[in-house]
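Each remark here refers to the structure printed beneath this line.
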Amino acid sequence: MNSNPLLSEFKTVHQTPPFQLIEEEHYIPAFTEAIKEAKEDVDKIISNSEAPTFENTILAMEYAGENLSRIANIFFNINSANTNDNIQNIASEVSPILTAHSNDIWLNEALFAKVKSVFDAKEENNYNQEQLKLIEDTYKGFVKRGALLTGEEKERYREITTELSKLTLTFGQNVLAETNAYELHITDEKELAGLPDAIIAAAAADAKAKEKEGWVITLQFPSYVPFMKYADNRALRKELYMAYSMRANKGNDHDNNDVVKQIVNLRLEKAQLFGFKSHAAYVLEDRMAQTPEKVNAFLEELLDKSLPFAKEEVKEVETYANTHGLKGKLQRWDFAYYSEKLKNEKFSITDEMTKPYFQLEKVEEGIFGLANTLFGLTFKANADITPYHEEAKAYEVFDAQGKFISVLYLDFFPRESKRGGAWMTNYREQFVQDGTDVRPFVSLVCNFSRPTEDTPSLLTYQEVRTFLHEFGHGLHGMLSKCTYVSQSGTNVYRDFVELPSQILENWGTEKEWLKQVGKHYQTGETIPDDLVAKIMESANFQSGYQSVRQLSFGMDDMAWHSLENAFEGDVNTFEDEAMASTELFPAVEGTCFSTAFSHIFAGGYAAGYYGYKWAEVLDADAFSVFKENGIFDQATADSFRKNILEKGGTQHPMDLYVAFRGQEPTNDALLIREGLVK
Ligand SMILES: [Zn+2]
């Protein structure tokens, strides 16, 4: 019997993690023990004297180190959603050890020899699709991690990956530190001019939480975004914009310029060890898109179509601003502010008009309802499942037959211990072991506007979309029906993973669904038709600008990772050049996007940011089937579930897609949806 809960059997509902028992000091000993076990598992495979088979090699590897995966899942999820200095230190300590352990497996020659022997004989056996894919993925996993490298190259590969895991952690920690380091403390009420009451109340609550007088604006999205949109005080907007855009680019202790350089150079060196010309080429081999050339052509084509619209849109805002008091050029810190006013004038719609109809609890009900209509799912809160933070909630999810299919954690509000943005993750993934279907634990983590003393949490329309988006990822996890954990749920190529999330957002553009969800938080009145009409009319407001913005991030990412020689230059200058063709505003000295671009430098989106746009093409094309057959059509929902949501990464995504759609996707549906066709 072990007193460390992480190393004991979880005697909880569905064996969910016993968060109430887990203390910070449990992690290091648990990792140490679990790594030891994992090594023993692997040693057993290697020392097996029988001839290598699917079972004793490939499958045994799939199951090796189960405890380690379980602990790592819990720990790294906590490090994102409920961290502190201590947890971050543990992460820094543990990450290189985990990388070294993973290298011990993937660089083990005896193990690779066994895998290769199964791989080479795969045609001689009667394997099914999932088994074949697992054999190929395992073999490729070795090759991609250096199994075919020799001597010094292998040693260098090991150094590079260890160094990279440290650098990417540092990058993220610097961004978090820089985000938290800044606050705009307002004590003069006049400086709040223009801000809606709810935003002022939230700023007062933030001040109160920090034991300060007046109001506090932070760089967290729910504080930053509305301030940029509404604050009349241009100097303060500029100050806040600069604080946000100069994060980790100020030459202080949390500067990321050098970290960026080191990361891109090490990634390049790694790719070249494998004979690829760039990191992008190395990464894209395992993507739906396949090559940098194809990705660049894709981005260029969409930029070509979007840029003329974007330029018109920015010009329109500038003209509007100039007739409404702005002298001179429109700057970046003016764009959201005047856009909001222009949008209001054009469509007479503001976030504040729609927010009362999008009470968080009602939206949650509506999204659960959608999952019920399309896939027969029901959700039951269960107070016996303890979440990892008092503000998170735990649900059990059941299918149409009443069978338990998943645990779902929902964690909505920002706090300093949580990183920004919104994401879906797993505390356990789905798989089948010895005939038992082990069901997943899915978690959705968001940063939505908090309730205040007298109002519940009211979502902006964009936040409603974000909720749908993350819930779509959640469905991909919850509905998974795969045999092997490495192929289940969202374990798919990165440029395919956003299809389930983005397609869900489409229901948020449909009147029928919006009317089910939109109920006034005070009166219960259904969102009026004219407001829904305005939401839909305004949906394409500045779609050209939005498109160019996304493309610019994709191009910045591709530029960094298409480097074919070590980078010696200046990070800011390089970025300016990479994004030049997408530039819509005068340059601002001192700001840099790359130094806070966590997606590609702290997360796993390197040479993958284009995937968001790629997935938009997929989701628009896929949703056109629902549009044709009816947005609640059962047969279409069934087909999407069976061909996409249940299948994980068991087959090449293009095959799964074609099975659902009947053909490969085209850009047409997206360009039409966004009004980007003349
Ligand atoms: Zn997503």
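The values are calculated or read from the model by the stated rules, or taken from the named source; none is laboratory data. Please read all numbers here as calculations on a predicted model, not as lab measurements. Cβ coordinates were reconstructed from backbone atoms using ideal geometry, including for glycine residues, and neighbour counts include every protein chain displayed. We work out accessible area using only protein heavy atoms, side chains counted, and drop any ligands, DNA or RNA first. Shrake-Rupley method; radii C 1.70, N 1.55, O 1.52, S 1.80 Å.
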Point-charge dipole on Cβ atoms (K/R +1, D/E -1) for the chain, about Cα centre, debye to 20: 660 debye
FRET E, pair Asn86, His185, Förster distance 22 Å, beta-carbon r, rounded to 0.05: 0.20
If we sort 106-113, 467-474 on the protection proxy, mean other Cβ atoms within 10 Å, highest first, what's the order? 467-474, 106-113
Cα gyration tensor of the stretch 140-231 diagonalised, 5x eigenvalues square-rooted, in angstrom largest first, produces semi-axes 49, 13, 9
Under a straight-distance cross-link criterion of Cα-Cα below 16 Å, which aspartates and glutamates are reachable from Lys481, leaving out those fewer than 8 residues away in the same chain? Glu130, Asp399, Glu429, Asp434, Asp437, Asp638, Glu646
Structure shown: which of Lys11/Lys418; Lys210/Lys613; Lys311/Lys362; Lys122/Lys642; Lys140/Lys647 lie over 32 Å apart, alpha-carbon to alpha-carbon? Lys210/Lys613; Lys311/Lys362
Heavy-atom accessible area per residue, the stretch 519-644, 1.4 Å probe: how many Å²? 38 Å²
At most 16 other Cβ atoms within 10 Å and a DSSP loop assignment: could you name the GluC sites (Glu not before Pro) in the stretch 1-49 that fit? Glu9, Glu23
If I take every Cα pair under 8 Å that is 6 or more residues apart in the chain, average their sequence separation and divide by the length, what percent do I get for the relative contact order? 15 percent
I'd like the FRET efficiency for Asp197 and Asp530, computed as 1/(1 + (r/R0)^6) with the beta carbon distance as r and R0 of 25 Å, rounded to 0.05. 0.60
Karplus-derived 3J(HN,Hα), 6.51/-1.76/1.60, for each residue of the stretch 84-97, Hz, glycine and proline x: 7, 4, 5, 4, 5, 5, 4, 4, 5, 6, 7, 3, x, 5
The stretch 459-577, Kirkwood Rh and Cα Rg, ratio Rg/Rh at 1.12
Round to a whole number: what % of the accessible area of the stretch 525-678 belongs to carbon and sulfur, probe 1.4 Å? 49 percent
Could you give the distance between the Cα centres of the stretch 626-678 and the stretch 411-488, to the whole Å? 22 Å
So how exposed is Tyr127, as accessible area in Å² (1.4 Å probe, rounded to 10)? 50 Å²
Projected area averaged over orientations for the chain, convex hull of C-alpha atoms, nm²: 30.3 nm²
Extension gain (nm, one decimal) between Thr162 and Asp104, 0.36 nm per residue minus Cα-Cα: 19.7 nm
In sequence order, what are the phi-derived ³J(HN,Hα) couplings for the stretch 203-220 according to the Karplus relation 6.51 cos²θ - 1.76 cosθ + 1.60 with θ = phi - 60°, rounded to whole Hz, with x for glycine and proline? 5, 5, 5, 4, 5, 4, 4, 9, 6, 10, 6, x, 9, 10, 10, 10, 8, 5
Compactness ratio of the stretch 603-678: Cα Rg over 2.2 N^0.38 Å, N = residue count? 1.18
Where Lys and Arg each count +1 and Asp and Glu each count -1, what net charge lies around Gln272 among other residues with Cβ under 13 Å from its Cβ? +1
How charged is the neighbourhood of Ile631? Take every other residue with its Cβ under 13 Å from the Cβ of Ile631, and add Lys/Arg as +1 and Asp/Glu as -1. -2
Please give me, ordered by residue number, the trypsin sites (Lys or Arg not before Pro) of the stretch 10-101 that lie in loop per DSSP and have at most 14 other Cβ atoms within 10 Å. Lys11
Unit Cα scatterers, Debye sum, the stretch 419-498: log10 I(q)/I(0) for q = 0.14, 0.27 Å⁻¹: -0.55, -1.25
Which of the pairs Lys212/Lys327; Lys44/Lys144; Lys238/Lys511 have their Cα atoms more than 27 Å apart in this structure? Lys212/Lys327; Lys238/Lys511
Total formal charge among the other residues, if their Cβ is under 11 angstrom from that of Ala336, Lys/Arg +1 and Asp/Glu -1: +3
Starting from the Kirkwood Rh over alpha-carbon pairs, what translational D in µm² s⁻¹ does the stretch 361-490 have by Stokes-Einstein at 20 °C and 1.002 mPa s? 140 µm²/s
Roll a 1.4 Å probe over the protein chains and send me the accessible area per residue for the stretch 165-248 in Å². 44 Å²
When averaged across all projection directions, what area in nm² does the alpha-carbon convex hull of the stretch 1-85 cover? 7.0 nm²
Averaged over all viewing directions, the convex hull of the alpha carbons in the stretch 286-326 casts a projected area in nm² of 3.9 nm²
In the stretch 242-303 the accessible area split gives carbon plus sulfur, as whole percent at 1.4 Å, a share of 48 percent
